[in-house]
Amino acid sequence: MKTTIAGVRLLELVAHPDERGTFTELFCDHWETPIDPSQWSLVRSNAGVFRGLHVHTRHDEYFSVVSGHASVGLIDIRPDSPTYMQSDLIDMPANADLAVAFPEGLLHGWYFHEPTVHVQAVSEAYEFYSEDDNNGCCWNDPALPIEWPFDACLTTPKHDAFPPLADLLDRLGPQLRLGLTSANRA
């Protein structure tokens, strides 16, 4: 499995089995991922839930399914990125032993096909998140370059009120062009 978006790392996690079960490393700082984690979270989601589409200009993320099944959608909205407006949809059942790490400036959302537990890391602690960096767009905007594996989902009123992609790009354009994204800092 491979990703096509610049700066995204799809990691195949290795399970080390013995007679007791398995041991799997979820993250090592020497893996050269785009994230320097500040916070790790354990998240439980019900079947049919969609979280996102979010985008951040100040922090990177890491996502791995522990149990259940999720689809992770990524869309590159960094104007100076070589993969601008490219998308990936990554199928992540728990038995695939995968993790995805990605830089700021990517729209991202996860859909849960069944009750799912995932581990998520961010490079900025949740208590320091600010509304100016907790942006998003509506998941079902026809302008999005991604085909979700569902037609309906459970979201929150906040996510239901997210604007269309064009409005988000207009509003965030100056931030993304000022070099605040990883693609522009390199």
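For region 1-22, a residue qualifies if it is surrounded by 11 or more Cβ atoms within 10 Å (Cβ to Cβ), under 21 Å from D60 (Cα atoms) and either among the basic types (K, R) or out of contact with any helix residue (DSSP H, G or I) (no Cβ under 9 Å at 6 or more places or on another chain) (or both), and the qualifying residues are T3, T4, I5, V8, R9, L10. Taken together, E25, E32 contain a single residue that is of a type in the set (D, E, K, R), out of contact with any helix residue (DSSP H, G or I) (no Cβ under 7 Å at 6 or more places or on another chain) and closer than 26 Å to P115 by Cβ, which is E25. When E61, E19 are checked against the criterion of being within 23 Å of N134 (Cβ to Cβ) and among the acidic types (D, E), a single residue qualifies: E61. Sort out which residues of region 5-50 are among the β-branched types (V, I, T) and closer than 20 Å to Y111 by Cα, and write them in order of number. Those that are among the β-branched types (V, I, T) and closer than 20 Å to Y111 by Cα: I5, V8, V43, V49.
Just name the residue that is surrounded by the fewest Cβ atoms within 10 Å (Cβ to Cβ) out of those in region 108-153 that are of a type in the set (A, V, I, L, M) and more than 20 Å from L42 (Cβ to Cβ).
Going through the qualifying residues, I end up with A152.
Each value in this text was obtained by applying a stated rule to the coordinates, not by laboratory testing. The structure displayed is predicted, hence computed values, not measured ones. Backbone-built Cβ (ideal geometry, glycine too); neighbour counts: all protein chains shown.
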